[in-house]
Amino acid sequence: MQKNFLIIAGIFLFLEVYIYQAVRTLTDNFWIRIGYWVISLVVYGIFAYESHSLPKGQTEVW
(Lines give C-alpha, C1' and ligand atoms only; values in the text may rest on other atoms or scores of the structure.)
Protein backbone atom coordinates (compact mmCIF):
# COMPACT_ATOMS: atom_id res chain seq x y z
CA MET A 1 0.00 0.00 0.00
CA GLN A 2 2.86 2.37 0.74
CA LYS A 3 4.22 1.85 -2.77
CA ASN A 4 0.84 2.85 -4.25
CA PHE A 5 0.77 5.94 -2.04
CA LEU A 6 4.24 6.98 -3.19
CA ILE A 7 3.26 6.57 -6.84
CA ILE A 8 0.09 8.63 -6.39
CA ALA A 9 1.98 11.28 -4.39
CA GLY A 10 4.59 11.48 -7.14
CA ILE A 11 1.91 11.97 -9.79
CA PHE A 12 0.25 14.72 -7.74
CA LEU A 13 3.61 16.42 -7.16
CA PHE A 14 4.34 16.34 -10.89
CA LEU A 15 0.91 17.81 -11.66
CA GLU A 16 1.33 20.54 -9.03
CA VAL A 17 4.66 21.64 -10.53
CA TYR A 18 3.27 21.48 -14.07
CA ILE A 19 0.16 23.50 -13.24
CA TYR A 20 2.17 26.03 -11.25
CA GLN A 21 4.45 26.55 -14.24
CA ALA A 22 1.35 27.25 -16.34
CA VAL A 23 0.07 29.77 -13.78
CA ARG A 24 3.49 31.40 -13.64
CA THR A 25 3.57 31.65 -17.42
CA LEU A 26 0.11 33.21 -17.60
CA THR A 27 0.65 35.91 -14.98
CA ASP A 28 3.42 37.81 -13.24
CA ASN A 29 1.16 38.84 -10.37
CA PHE A 30 2.66 37.70 -7.07
CA TRP A 31 -0.71 37.52 -5.31
CA ILE A 32 -2.20 35.18 -7.89
CA ARG A 33 0.73 32.81 -7.37
CA ILE A 34 0.29 32.96 -3.60
CA GLY A 35 -3.45 32.40 -4.08
CA TYR A 36 -2.74 29.32 -6.16
CA TRP A 37 -0.58 27.79 -3.43
CA VAL A 38 -3.07 28.69 -0.70
CA ILE A 39 -5.94 27.09 -2.60
CA SER A 40 -3.83 23.99 -3.30
CA LEU A 41 -2.86 23.60 0.35
CA VAL A 42 -6.46 24.09 1.50
CA VAL A 43 -7.69 21.43 -0.93
CA TYR A 44 -5.00 18.97 0.23
CA GLY A 45 -5.81 19.79 3.84
CA ILE A 46 -9.52 19.10 3.33
CA PHE A 47 -8.67 15.84 1.56
CA ALA A 48 -6.37 14.75 4.41
CA TYR A 49 -8.97 15.68 7.03
CA GLU A 50 -11.76 13.81 5.26
CA SER A 51 -9.64 10.73 4.67
CA HIS A 52 -8.63 10.54 8.35
CA SER A 53 -11.90 11.51 10.00
CA LEU A 54 -14.25 9.01 11.55
CA PRO A 55 -16.88 7.34 9.38
CA LYS A 56 -20.42 8.67 9.64
CA GLY A 57 -22.27 7.28 12.64
CA GLN A 58 -19.17 6.14 14.52
CA THR A 59 -18.79 8.26 17.65
CA GLU A 60 -16.10 6.34 19.55
CA VAL A 61 -12.60 5.49 18.48
CA TRP A 62 -12.25 2.53 20.86
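The values are calculated or read from the model by the stated rules, or taken from the named source; none is laboratory data. Not measured: the values here are computed from a predicted model. Heads up, the Cβs are rebuilt from the backbone with ideal geometry, glycines too, and the neighbour counts pull from every protein chain shown. SASA here: full protein model, heavy atoms, side chains in, ligands and nucleic acids out. Shrake-Rupley method; radii C 1.70, N 1.55, O 1.52, S 1.80 Å.
Output the qualifying pairs, or none if there are none: Cβ atoms under 8 angstrom, residues six or more apart or on different chains, first residue in region 1-23 and under 17 Å from R33 (Cβ atoms) and free of Cβ contacts under 8 Å to residues at least 60 places away in the same chain, second residue aliphatic (A, V, I, L, M) and open to solvent by less than 100 Å² (accessible area, probe 1.4 Å).
Pairs found: V23/I32.
When region 1-42 is examined, which residues are found to be among the hydrophobic types (A, V, I, L, M, F, W, C) and modelled with pLDDT under 90? First the steps, then the outcome.
We begin by selecting, within region 1-42, every residue among the hydrophobic types (A, V, I, L, M, F, W, C); these are 1, 5-9, 11-15, 17, 19, 22-23, 26, 30-32, 34, 37-39, 41-42.
Within region 1-42, M1, F5, L6, I7, I8, A9, F12, L13 meet the criteria.
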